[in-house]
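The values are calculated or read from the model by the stated rules, or taken from the named source; none is laboratory data. Everything numeric here is computed off the predicted structure, so don't read it as measured data. Glycine gets a Cβ as well: all are built from the backbone with ideal geometry, and neighbour counts include every protein chain shown. Only protein heavy atoms, including side chains, enter the accessible area calculation; ligands, DNA and RNA are left aside. Shrake-Rupley method; radii C 1.70, N 1.55, O 1.52, S 1.80 Å.
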Amino acid sequence: MATNAFAVKTALRDLAKARPELSGYQVTYGFPVRSPERRWVFIGEVLWEDSQWATNRNREEVFSIAVVINCQISGATSEDVERELQRMAEGIENGLKANPSLGIDSVVTTDFVPKKLVSFPSDQTYEGQLECLLRVKARL
């Protein structure tokens, strides 16, 4: 099966690991281990939305990659945790602005889109998750 999704997913993970805003966060290709650190970024699920012929020899694919950012902060509030999640997402977004193709020539466009934000108390800490999608259009 020809697809750019695996290369893009790997490049996105590498970009997130290199961002100074994510220093101290566990960044994984796929879901973290069963007992993940309480500050992690998960580059996960791939969903192919469309694939069509652009010319008689080239095909374009559209897919999205799930990005989940999680953090837990002792003695914090919901607002503190949500601000931290936003800061982390901005780090990824800034990396994508600087390198929208992720160094992959066949990538036409990328768009980093927030989807869901949740925060909740957890044993004298506050924890939260921000779920995002990286939408990609690429040529094969």
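When both region 85-140 and region 58-83 are represented by their alpha-carbon centers, they are found 6 Å apart.
DSSP beta bridges confined to region 2-124 are antiparallel in about 75 percent of cases. Using 1/(1 + (r/R0)^6) with R0 = 35 angstrom and r between the beta carbons of Ala7 and Lys115, what's the FRET efficiency to the nearest 0.05? So, using R0 = 35 Å, E works out to roughly 0.95. Net charge in the neighbourhood of Thr77 (other residues with Cβ under 12 Å of its Cβ; Lys, Arg +1, Asp, Glu -1) is -4. For the chain, the solvent-accessible area works out to 56 Å² per residue, with a probe of 1.4 Å and every protein chain left in place.
Counted over region 64-140, the DSSP beta bridges are approximately 100% antiparallel.
Using a 1.4 Å probe on the protein chains only, how many percent of the accessible area of the chain belongs to carbon and sulfur? Heavy-atom surface of the chain belonging to carbon and sulfur, 1.4 Å probe: 48 percent.
Between the residues Phe31, Leu102, Leu140, the greatest Cα displacement towards the positive end of the dipole of the chain, with unit charges on the Cβ of Lys, Arg, Asp and Glu, is found for Leu140. Net charge dipole, the chain: roughly 440 debye, given to the nearest 20, about the Cα centre with Cβ charges of +1 for Lys and Arg and -1 for Asp and Glu. Against the chain, whose longest principal axis is taken from its Cα atoms, helix 5-18 shows a tilt of about 40°. Considering only Gln72, Gly44, Thr3, the residue lying farthest towards the positive end of the dipole of region 1-76 is Gln72, judged by Cα position with unit charges set on Cβ.
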